Amino acid sequence: MAEEEKDRLLPVANVWRMMKKILPPNAKISKEAKQTMQECASEFICFVTDEASDRCHKENRKTVNGDDICWALSSLGFDNYSDTMLTYLHRFREIETQRANQQS
């Protein structure tokens, strides 16, 4: 794998941490399986981000935001992820607003 391609990948340790949360505690995963998941997760993120970026470009915007990512997920047929992300995004914004109000 070229160095440029490696730069686009999520850190394998982060991918492994996510995998450990789902797998049984005694599960053993090969290095090859971790790398495969790393590549798949990274490709998925690029795929969704590219779709969101295209939308921003068409709307003459330079910044991709959470709503764009949710739209891209839905547009690409990942409605279950989109719904979950929208719920998270709304909750995140509520918390940020509460923090800002507390600091004022």
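If the Cβ limit is 6 Å and pairs must be 6+ apart or interchain, which residue in the range 46-67 that is farther than 21 Å from TYR88 by Cα pairs with which residue that is of a type in the set (A, V, I, L, M) and modelled with pLDDT of 95 or more?
CYS56/VAL64
From the list ALA41, ALA52, pick out the single residue that is in contact with an Asp or Glu (Cβ under 6 Å, 6 or more places away or on another chain) and either assigned to a helix (DSSP H, G or I) or open to solvent by 70 Å² or more (accessible area, probe 1.4 Å) (or both).
Only one candidate passes the filter, namely ALA52.
Hey, can you tell me all the residues within the range 70-88 that are modelled with pLDDT of 95 or more, of a type in the set (A, V, I, L, M) and assigned to a helix (DSSP H, G or I)?
Hits for the range 70-88 are ALA72, LEU73.
The values are calculated or read from the model by the stated rules, or taken from the named source; none is laboratory data. Note that the structure is a prediction, hence the values are computed from the model and not measured. In this analysis, Cβ positions are derived from the backbone assuming ideal geometry, glycine residues included, and neighbour counts consider all displayed protein chains. Just the protein is used for accessible areas: all its heavy atoms, side chains included, with ligands, DNA and RNA removed. Shrake-Rupley method; radii C 1.70, N 1.55, O 1.52, S 1.80 Å.
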